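Novice: Provided herewith is a single structure, encoded as structure tokens, for subsequent inquiry.
What follows draws every value from the coordinates through simple rules; no lab data is involved. Only a predicted model underlies this, so the values are computations on that prediction, with no experimental measurement involved. Heads up, the Cβs are rebuilt from the backbone with ideal geometry, glycines too, and the neighbour counts pull from every protein chain shown.
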Amino acid sequence: MNNSCGTQQFETLNAQTSSADTTSIVWFRNDLRLTDNSALAAAAAEGNVVALYVVEDPNLTGVRAPGGASNWWLDQSLRDLATRLDTFDIPLLTEHGDPRLALPQLANDLNATFVAWSERYHEPQRSIDSAVKERLETSGIPAHEFPGHLLLEPWNITNGQGNPYKVFTPFGRKLMELLDESADLAVATQVGPNFPLSGTGSSLDDSLSNIDALNLVPSGSQWPDGLQSRWTPGEVGAQEQFQRFITTLLNNSEGKGYAEGRDIPALKVTSSLSPHLSFGEISPRFVWHSITRSSLAPQDSKSFLSELMWRDFAWHRLFHRPDLATANVRAEFNHFDWLWDSENNVSITDHDTTDPRTRPLSKKARHQLPVTEADQFEKALNAWRAGTTGIPLVDAGMRELWATGHMHNRVRMLVASFLTKNLGIHWRHGEAWFWQTLVDADPASNAFNWQWAAGCGDDASPYFRIFNPEVQAKKFDPDGIYLSRWVPELNSPDYPQPLVDLKESRTAALEEYDRIKSL
């Protein structure tokens, strides 16, 4: 295989597996866990397991390259996975390239008799998976896909006409109805595999070296330091965080429950499970099963489970709208006069020394705009990314994002509204920045929620609903605890003046919305 890890890991494995009766392969992707992993269970039932993770090369496969924060998380999560697999003598092999080539070749090299993986729900990943399956089965190797990333598969939820849902409320009702009938949801609440599991023999040092060779986090990069102090990626970290969440609510440690306190950014009542769910370190079925059988207050359980269903809804929409990250769902917004620079792409994994938060507009964009407007566009976008807009709650959220790879959900809605409606900048710039900087940059939730906030998506927030940052701060951070943490210079001369007048920019946004409605 002509990928980053070379051939040594496979030659070593061949020597270890030559005398084994049968070998099965589990292809890990968005299911980096041992608990409630149907693909792993199926592989274990068929033979001694070899685990594989492939970092898919965008140039070969067309997949979207992960952002910098996601790559950092993946690096850490794979190390946790390798450690847990090692206790069962399962080696973790890694590749950088095209799974359509890598997986069939590995299966043939190891004389594997079975290959399993968890379903994916977006393109081009689904087409890649189909091609892998076809090539394996052409070689006489059974390949099977299993659910596990969602509560229910997107194709299993349709309305009375057999069509996909576009509005969350009826989708949620239908999902609840199907969940009540689903035997698949009755998963064990024990942590770890509840099935016999054995591998072909492993060396943890070899598995970790394989991960090193992926070079997911550039050497010398200082940006992940803040992520490291905030998060513990991996299945162990996911289970610990879930238990902290439950304990906090049961003990009323923050003085408010989830339903009452989830919109207050200074409180620690939210679950912080989103990155763990995104990487599949904990399954939504396990979380749902545990919450419904917990002693949480009914209003807290109901509110939290609604968020899990919202996550499924986002994937439901992406499954049926593969272009969700690049095209307005509501076609009238194609005529909206957002500021847009198609070449202003930022990668946090760049090996240069420039601050990715402050990048110049492309020559193409400058050529298309008057000089003054181009200057304002560049200044506004960079200030938004850097958290120097002069709007305190917006700046607090953007600084939290840069420092921790995360942002409170209430503040996410606010900064998205501000970018698209007060600054008049295309939502795709915001979606791309979140994709780079969020540790929970989920393909479905990120795109779906940006379109929701911008007003151009399914079941979207009405465009005329424009968050007022000052009102939001008074309502949800009345004591200024969140602001003082992230904007300590707020009351000093060093804090910048507001980029825009909130009232005037709101009026301009509504006028533009009225214009496209009349087209």
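Novice: Expressed in nm to one decimal, what extension gain is obtained for the pair ARG485 and THR113 from 0.36 nm per residue of sequence separation less their Cα-Cα distance?
Specialist: On the way: separation 372, 0.36 × 372 = 133.92 nm, distance 5.55 nm.
Taking 0.36 nm per residue and subtracting the Cα distance, the gain is 128.4 nm.
Novice: Next question. ASP21 to GLN105: FRET efficiency via 1/(1 + (r/R0)^6), r the Cβ-Cβ distance, R0 22 Å, to the nearest 0.05? Walk me through the numbers before you get to the answer.
Specialist: On the way: r = 22 Å, r/R0 = 1.00.
In this case the efficiency is close to 0.50.
Novice: I'd like the FRET efficiency for SER295 and LEU510, computed as 1/(1 + (r/R0)^6) with the beta carbon distance as r and R0 of 60 Å, rounded to 0.05. Mind showing how you got there, number by number?
Specialist: Numbers: r = 47 Å, r/R0 = 0.78.
Calculated value: 0.80.
Novice: Only four residue types carry charge here, +1 at the Cβ of Lys and Arg and -1 at the Cβ of Asp and Glu. Report the dipole size of the chain about the Cα centre in Debye, rounded to the nearest 20.
Specialist: Numbers: 45 positive and 66 negative charges, 300 e Å.
Charge dipole of the chain: 1440 debye, to the nearest 20.
Novice: Still on this model: Quick one: length gained pulling ALA45 to ARG173 fully straight, 0.36 nm per residue minus the C-alpha distance? It would help to have the intermediate numbers written out before the result.
Specialist: Working: separation 128, 0.36 × 128 = 46.08 nm, distance 3.60 nm.
Full extension from ALA45 to ARG173 adds 42.5 nm.
Novice: What relative contact order, as a whole-number percentage, does region 331-517 give when Cα pairs under 8 Å and 6 or more residues apart are counted?
Specialist: On the way: 219 pairs, mean separation 46.7, N = 187.
So the answer I get is 25 percent.
Novice: Could you calculate the contour length gain from TRP340 to ALA386, that is, 0.36 nm times the residue separation minus the distance between their Cα atoms, to one decimal place in nm?
Specialist: On the way: separation 46, 0.36 × 46 = 16.56 nm, distance 1.82 nm.
Answer, rounded to one decimal: 14.7 nm.
Novice: So how many Lys-Lys pairs in region 331-517 land under 27 Å Cα to Cα, not counting same-chain pairs under 8 apart?
Specialist: Within region 331-517, the lysine pair count is 13.
Novice: Based on the Cα coordinates of the chain, what is the per residue volume of their convex hull in Å³? Please list the in-between numbers first.
Specialist: Details: hull volume 83.1 nm³, N = 519.
Residue-normalised Cα hull volume stands at 160 Å³.
Novice: Right, next: Need the C-alpha centroid separation for region 360-410 versus region 47-81, integer Å.
Specialist: 29
Novice: Something else about it: With a cut-off of 8 Å between alpha carbons and a minimum separation of six or more residues, what is the relative contact order of the chain in percent?
Specialist: 17
Novice: Taking loop as defined by DSSP and a crowding limit of 15 other beta carbons within 10 Å, which trypsin sites (Lys or Arg not before Pro) in region 459-519 fit?
Specialist: Here the trypsin sites (Lys or Arg not before Pro) that fit, given the DSSP loop and packing criteria, are ARG465.
Novice: For region 331-517, what does the alpha-carbon gyration tensor say about shape, rounded, prolate or oblate, given a ≥ b ≥ c as the root eigenvalues, a/c under 1.5 as rounded, and a/b over b/c as prolate? Before the final figure, lay out each step's value.
Specialist: Numbers: a/c = 1.29, a/b = 1.11, b/c = 1.16.
Rounded is the answer for region 331-517, as its axis ratio a/c remains below 1.5.
Novice: For the pair GLU307 and SER518, what calculated FRET efficiency results from E = 1/(1 + (r/R0)^6), where r is the Cβ-Cβ distance and R0 = 45 Å, to the nearest 0.05? Walk me through the numbers before you get to the answer.
Specialist: Working: r = 37 Å, r/R0 = 0.82.
Calculated transfer efficiency: 0.75.
Novice: Where q = 0.13, 0.17, 0.21 Å⁻¹, what log10 of I(q)/I(0) comes from the Debye formula for region 158-311, counting one point per Cα?
Specialist: Calculated log10 I(q)/I(0) at the listed q: -0.82, -1.14, -1.40.
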